[in-house]
Amino acid sequence: MEGVLYIVATPIGNLKDITLRAIEVLKDVDLIVAENRERALKLLSHLSIHKPIITINSYNEERKANNIARQIASGKSCALISGAGTPCISDPGGFVVKACYEAGVDVKAVPGPSAATGAVSISGLRVDRFIFYGFLPQKQGKKRKVLRELSSFTYPIIFFESPRKLLETLRCMQEEFGNRPAVITKEMTKIYEQVMRGSIDDLITAVSDVEPKGEYLIIVDGAGK
């Protein structure tokens with residue numbers, strides 16, 4: 001019997017956003033590899049599913065990947081889920097996928113929610129083409145260097161950012177990109193969901209008045225728009 005690794009997209013907030021196929025796969029697999037055990041248990045409990053869970057993160061994934069691949073190669077089926085959304089995008093999972101391919105294991109996608117594509121769809125910007133960057137470097141000097149390198153791109157660019165770095169990052173963007181149109185989404189599909197649109201200066205003013213909390217995504221319009 002051949003095992004399969006399923007890359008399963010899970011809700012980014014509202015648990016009703018899970019797909020019927022994702023539920024079916026999570027019920028049928030032998031084990032689940034998850035970035036966050038607590039979030040995985042919350043989702044599985046909501047679905048009345050009980051499965052063994054192996055946790056991975058950026059520190060231990062490479063070490064655990066081969067063992068996970070061996071279990072799947074021995075005939076077990078496995079679902080890989082991230083804390084929220086589509087795995088392997090600014091989240092652990094890439095080493096596990098690579099190890100499975102090297103072990104001759106079949107890898108299948110179970111598509112579904114993604115914060116990046118969800119935000120793009122409601123941004124109001126011209127997004128027939130866009131660039132996804134994800135999380136910027138933590139150190140301000142490296143962050144500015146990356147933004148400077150991206151400043152000439154003519155397509156919208158998508159970034160993830162933590163609440164404690166949000167204002168600093170917007171100020172760096174204003175200096176490196178200028179006062180371009182931009183969009184911030186906060187806590188997508190959750191009770192405190194918010195979309196802020198305007199120039200980068202407008203957004204700096206908007207977030208300066210409150211203490212940022214939650215998960216943020218920033219889309220900055222391309223150069224020359």
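The set of residues in the range 101-123 that are over 11 Å from the mean Cα position of the chain (by Cα), among the hydroxyl-bearing types (Ser, Thr, Tyr) and part of a helix (DSSP H, G or I) comprises Tyr101, Ser121.
Quick grid of which residues meet (1) among the aliphatic types (A, V, I, L, M); (2) assigned to a helix (DSSP H, G or I); (3) surrounded by fewer than 18 Cβ atoms within 10 Å (Cβ to Cβ):
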site	(1), (2), (3)
Arg21	no, yes, yes
His50	no, no, yes
Asn57	no, no, yes
Arg63	no, yes, yes
Cys88	no, no, yes
Phe95	no, yes, no
Ala99	yes, yes, no
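Of the residues that make up the range 170-189, is at least one closer than 30 Å to Pro11 by Cα, acidic (Asp, Glu) and surrounded by fewer than 19 Cβ atoms within 10 Å (Cβ to Cβ)? Yes, because at least one residue in the range 170-189 is closer than 30 Å to Pro11 by Cα, acidic (Asp, Glu) and surrounded by fewer than 19 Cβ atoms within 10 Å (Cβ to Cβ). The numbered conditions (1) open to solvent by less than 30 Å² (accessible area, probe 1.4 Å); (2) modelled with pLDDT of 95 or more; (3) under 22 Å from the mean Cα position of the chain (by Cα) are all true for Gly83 except (2). Of the residues making up the range 44-66, at least one is among the small types (Gly, Ala, Ser) and farther than 30 Å from Thr185 by Cα.
Consider the range 101-112 and keep the residues that are open to solvent by less than 40 Å² (accessible area, probe 1.4 Å) and either among the aliphatic types (A, V, I, L, M) or at pLDDT below 95 (or both). The one that is farthest from Ala79 (Cα to Cα) is Val105. Find all pairs meeting these conditions: Cβ atoms under 9 angstrom apart; at least six residues apart or on different chains; first residue within the range 203-224 and of a type in the set (Phe, Trp, Tyr); second residue in a strand (DSSP E or B). Close Cβ pairs (under 9 Å, with a partner that is in a strand (DSSP E or B)) amount to Tyr216/Phe159; Tyr216/Phe160; Tyr216/Glu161; Tyr216/Ile184; Tyr216/Thr185; Tyr216/Lys186.
In the range 32-52, the residues that are free of Cβ contacts under 8 Å to residues at least 60 places away in the same chain and over 14 Å from Ala84 (Cβ atoms) reach residues that are assigned to a loop (DSSP other than H, G, I, E, B) and among the β-branched types (Val, Ile, Thr) with C-beta atoms within less than 8 angstrom, at least six apart or across chains, in these pairs: Leu47/Ile18; Lys51/Val29.
Looking across Val33, Val25, Val29, one residue alone is touching a Phe, Trp or Tyr at 6+ places or on another chain (Cβ under 6 Å) and hydrophobic (A, V, I, L, M, F, W, C). It is Val25.
Within the range 101-124, residues that are touching a residue at least 60 places away in the same chain (Cβ under 8 Å) sit with their Cβ atoms under 8 Å from residues that are in a helix (DSSP H, G or I) and open to solvent by 60 Å² or more (accessible area, probe 1.4 Å), at 6+ positions apart or across chains, in these pairs: Val107/Tyr101; Val110/Arg21; Gly112/Asp17; Pro113/Asp17.
Could you give every pair whose Cβ atoms fall below 6 Å, whose first residue belongs to the range 140-164 and is closer than 23 Å to Ser121 by Cα and open to solvent by 70 Å² or more (accessible area, probe 1.4 Å), and whose second residue is in a strand (DSSP E or B) and modelled with pLDDT of 95 or more, counting only separations of at least 6 or pairs across chains? That search, which allows pairs on different chains as well, returns Phe153/Ile131; Tyr155/Ile131.
If you check Leu43, Leu80 for being part of a helix (DSSP H, G or I), within 25 Å of Leu217 (Cα to Cα) and hydrophobic (A, V, I, L, M, F, W, C), only one passes: Leu43. What number of residues within the range 1-19 are closer than 10 Å to Gly112 by Cβ and open to solvent by 50 Å² or more (accessible area, probe 1.4 Å)? Counting residues in the range 1-19 that are closer than 10 Å to Gly112 by Cβ and open to solvent by 50 Å² or more (accessible area, probe 1.4 Å) gives 1.
The values are calculated or read from the model by the stated rules, or taken from the named source; none is laboratory data. Note that this is a predicted model, so its numbers are computed, not measured. Please note: Cβ atoms are built from the backbone with ideal geometry, for glycine as well, and neighbour counts cover all protein chains shown. In case anyone asks, the SASA skips ligands and DNA or RNA and just uses the protein heavy atoms, side chains included. Shrake-Rupley method; radii C 1.70, N 1.55, O 1.52, S 1.80 Å.
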